[in-house]
Amino acid sequence: MYDRGLWILEQYGLTARTASRGRGVLLYETEAGWVSIREYGGTRKKLELQHALMEGIRSRGYPRLDSLHRNLEGELISYDREENGYVLRDWCPGRECDTRSVTDIEQAVRRLAELHEAMRMEAREEYTRESLIRECARHNAEIRKIRKFIQKKQKKNAFEVRLLEALPRFLEKGQETEEALRASGYEQLREESLRRGCVCHGDYSQHNVLFCGSQTAVTNFWHWNYDMQTADLCHFMRKILEKHNWDLHMGRGMLDAYRQLRPLSGEEVLNLKLRLSYPWKFWKLCNYYESTNKVWISGKNMEKLEQLEKQWDSWLYFLEKAF
């Protein structure tokens with residue numbers, strides 16, 4: 001595998017001094033610094049737009065990104081002997097954001113706010129994320145379909161019984177969120193965001209925030225899209241708060257850290273609250289159940305369901321008090 005990476009490096013005029021593996025990538029120290037090589041199966045068009053987006057961010061004063069490199073022929077995609085495509089990016093050797101550290105978490109949120117100020121590009125429909133209202137409505141329909149499927153089963157395993165018992169309140173919460181979004185003026189707010197060319201990272205999590213000495217780098221922009229930027233903030237907050245039983249103090253700290261650098265309007269705050277109000281993790285569990293073998297259910301699924309039920313009151317309390 002490392003030999004394949006060396007073949008790719010040659011196409012950039014680089015030589016490796018040391019090599020190691022990262023999360024889904026090969027890492028090399030070269031005369032130009034650390035770089036990563038990752039297989040790429042996406043379109044050339046979106047990759048060119050990603051390059052333009054990241055160059056725009058850098059030009060606005062945010063240099064610590066895993067920016068894409070062009071090879072000696074000026075292309076962003078390089079190929080091995082089997083015609084598999086790869087991309088080469090800058091890499092920052094550092095540690096991931098520690099989800100147990102309030103300092104790390106709030107620093108990651110501040111970096112997100114800075115990114116959001118710099119992430120602007122003329123919107124294109126093909127890379128615009130689905131409307132949140134349609135997404136919630138679709139997920140609610142999927143949960144109802146799963147309920148109907150389980151109800152019809154004559155023999156239900158322990159997980160299915162527990163899922164069926166928990167489902168009504170989570171589905172009700174999902175439907176409440178869908179209705180609240182429709183009444184909130186969300187579509188107008190979304191259209192304004194698209195008009196301004198707002199771009200989201202698309203997968204802003206602790207794994208994609210690296211601390212390199214005194215600097216903070218953001219990586220893996222593969223899921224970038226046009227959307228309201230509260231989507232990124234919601235995603236990061238939810239991932240952290242689920243690990244901390246929806247701790248109110250921690251949630252407010254993240255909100256304050258973000259708003260110090262990028263103030264949120266009243267409409268954006270409401271939108272963030274509604275995004276956090278949807279039972280995303282419950283839907284994900286239902287979706288996983290639907291798409292896997294139902295004869296044998298992993299014990300981890302039962303653990304996840306039990307954790308969701310345990311966090312129900314903390315989640316509702318957070319939504320009531322945090323905003």
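Nothing in this text is a laboratory measurement; each read-out follows from the coordinates by a stated rule. These numbers come from a predicted model, not from an experiment. Because the Cβ atoms are built from the backbone with ideal geometry, glycine has one as well, and the counts that use them run over all protein chains shown.
Numbers at a glance
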| read-out | value |
| --- | --- |
| Cβ-derived FRET efficiency at R0 22 Å, ARG134 paired with LEU261, nearest 0.05 | 0.10 |
| Cysteines in the chain that, by Cβ-Cβ distance, have no pairing candidate under 4.7 Å | CYS97, CYS136, CYS198, CYS200, CYS234, CYS286 |
| Loop GluC sites (Glu not before Pro), the range 93-169 (other Cβ atoms within 10 Å of the site Cβ: 15 or fewer; DSSP) | GLU122, GLU130 |
| Overall form of the range 2-93 per C-alpha gyration tensor (a/c, 1.5; a/b vs b/c) | oblate |
| Prolate/oblate/rounded label for the range 43-142 (Cα gyration tensor, a/c 1.5) | oblate |
| Rounded to the nearest 20 debye, dipole of the chain from Cβ charges on Lys, Arg, Asp, Glu | 1100 debye |
| DSSP beta bridges in the chain [antiparallel fraction, %, rounded to 5] | 95 percent |
| Length released on extending from LYS152 to LYS239, taking residue separation times 0.36 nm less the Cα-Cα span | 27.9 nm |
| The range 101-172 versus the range 263-323: alpha-carbon centroid distance in Å | 7 Å |
